[in-house]
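Following: one structure in structure tokens, then a few remarks.
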């Protein structure tokens, strides 16, 4: 039974846990608008919902420090106009398989998705350095330099010739090379989603991407249109999101969505830090908090920083895999609004 508070409003704390996902769906509807069925300006009625989507395919990449990276490419349908590309980053001790529910949801929503197995994970377990034999990488043996290398992109002034290209930069380079011959890919309409430590690494790479200086031929970086963090980790194993939070791109330039369960304290901490730099541009949905009192903007489409907290104790990849709590629809709607700005 629902009980109104003294003002006559129904308070979110009186509703069951599933109201947060339902409220999130209302936000998605506000983002997408009545004429949107998918991302990138694809109007309702112009997409064949029964059309066969391309099967996922494995692609092989190599980092500048000799790590053989396997990634899974989920191409969007040929009928999607102005496609957007999502780089999806799994958690520590995870894999591309663990985030496949989100990858498939985004593919169905009209995005192309590239989901790498990060070094030491899944099928990306071999590193070959000049003058040395192959080295086997394992998640439990990765140290701070190994994890930092995942997000690195630097060295020189020309990005295509840079000396330091980590796992995510290898994915980005593949997107750039393929975009000219694959109409389903876009190198300048990129969204990034990361889970757990993958969210931390995604943030660090996004901040580094924005630092590349333009050339006479055009911009080299700053192509990330939106960043989604699911249960992001503030710091672990010597890697911290702190440098990314100091980046102008992360502080106020790029639309950001943070989602997590009720025990994701790091997600709350990161949101609290970021909303100081966007005092009139944040919007949150939490169990037990009246949305009318919690948000700083009247409509979700006016915000650039979002926080969705679910009443579940699940977090990270488990949150994604549970249909009743998965923020996949929220992330798809968020990306749609961001790339259409």
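The values are calculated or read from the model by the stated rules, or taken from the named source; none is laboratory data. Here the structure is a predicted model, which is why all the values come from computation and not from measurement. Cβ coordinates were reconstructed from backbone atoms using ideal geometry, including for glycine residues, and neighbour counts include every protein chain displayed.
Residues checked against (1) under 20 Å from residue 326 (Cβ atoms); (2) more than 15 Å from the chain's Cα centre (by Cα):
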residue: 89; (1), (2): yes, no
residue: 96; (1), (2): yes, no
residue: 108; (1), (2): yes, yes
residue: 133; (1), (2): no, yes
residue: 141; (1), (2): no, yes
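Are any residues in segment 267-282 without any contact (Cβ under 8 Å) to a residue 40 or more places away in the chain and either out of contact with any helix residue (DSSP H, G or I) (no Cβ under 9 Å at 6 or more places or on another chain) or in a loop (DSSP other than H, G, I, E, B) (or both), and if so, which ones? Lay out the reasoning, then the answer.
Initial filter on segment 267-282 (without any contact (Cβ under 8 Å) to a residue 40 or more places away in the chain): 269, 271-282.
Answer for segment 267-282, where residues must be without any contact (Cβ under 8 Å) to a residue 40 or more places away in the chain and either out of contact with any helix residue (DSSP H, G or I) (no Cβ under 9 Å at 6 or more places or on another chain) or in a loop (DSSP other than H, G, I, E, B) (or both): 269, 271, 272, 275, 276, 277, 278, 279, 280, 281.
Consider segment 287-303 and keep the residues that are surrounded by 15 or more Cβ atoms within 10 Å (Cβ to Cβ) and not in a helix (DSSP H, G or I). The one that is modelled with the lowest pLDDT is 295. The sole residue among 152, 171, 158, 192 that is modelled with pLDDT of 95 or more and out of contact with any helix residue (DSSP H, G or I) (no Cβ under 8 Å at 6 or more places or on another chain) is 171. I'd like to know if segment 177-184 contains one or more residues that are buried (at least 17 other Cβ atoms within 10 Å of the Cβ) and under 26 Å from residue 252 (Cα atoms). No: zero hits.
Can residue 227 be described as surrounded by 24 or more Cβ atoms within 10 Å (Cβ to Cβ) and either under 21 Å from residue 92 (Cβ atoms) or in contact with a strand residue (DSSP E or B) (Cβ under 6 Å, 6 or more places away or on another chain) (or both)? Walk me through it before giving the result.
Numbers: surrounded by 24 or more Cβ atoms within 10 Å (Cβ to Cβ): yes; either under 21 Å from residue 92 (Cβ atoms) or in contact with a strand residue (DSSP E or B) (Cβ under 6 Å, 6 or more places away or on another chain) (or both): yes.
Taking the combined requirement at face value, the residue satisfies it.
Which of the residues belonging to segment 180-196 are over 24 Å from residue 333 (Cβ atoms) and without any contact (Cβ under 8 Å) to a residue 60 or more places away in the chain?
Narrowing segment 180-196 to residues over 24 Å from residue 333 (Cβ atoms): 180-182.
The answer is 180, 181.
The one condition from (1) buried (at least 17 other Cβ atoms within 10 Å of the Cβ); (2) not in a loop (DSSP other than H, G, I, E, B) that residue 233 does not meet is (2). Among all positions in segment 201-211, there is no residue which is buried (at least 24 other Cβ atoms within 10 Å of the Cβ), farther than 26 Å from residue 142 by Cβ and under 17 Å from the mean Cα position of the chain (by Cα). Any idea which of 199, 166 is touching a helix residue (DSSP H, G or I) at 6+ places or on another chain (Cβ under 6 Å) and in contact (Cβ under 8 Å) with a residue 60 or more places away in the chain? The conditions single out 166. Looking at this structure, is residue 173 in contact with a strand residue (DSSP E or B) (Cβ under 9 Å, 6 or more places away or on another chain) and at positive phi? Judged against the criteria, residue 173 is not a match. Would you check if there is a residue in segment 205-212 being farther than 25 Å from residue 330 by Cβ and part of a loop (DSSP other than H, G, I, E, B)? Yes - at least one qualifying residue is present in segment 205-212.
Only a single item in (1) more than 18 Å from the chain's Cα centre (by Cα); (2) crowded, with 22+ Cβ neighbours inside 10 Å; (3) modelled with pLDDT of 95 or more is not met by residue 306, and it is number (1).
Against the conditions (1) within 21 Å of residue 194 (Cα to Cα); (2) touching a helix residue (DSSP H, G or I) at 6+ places or on another chain (Cβ under 9 Å), residue 146 satisfies every one except (2).
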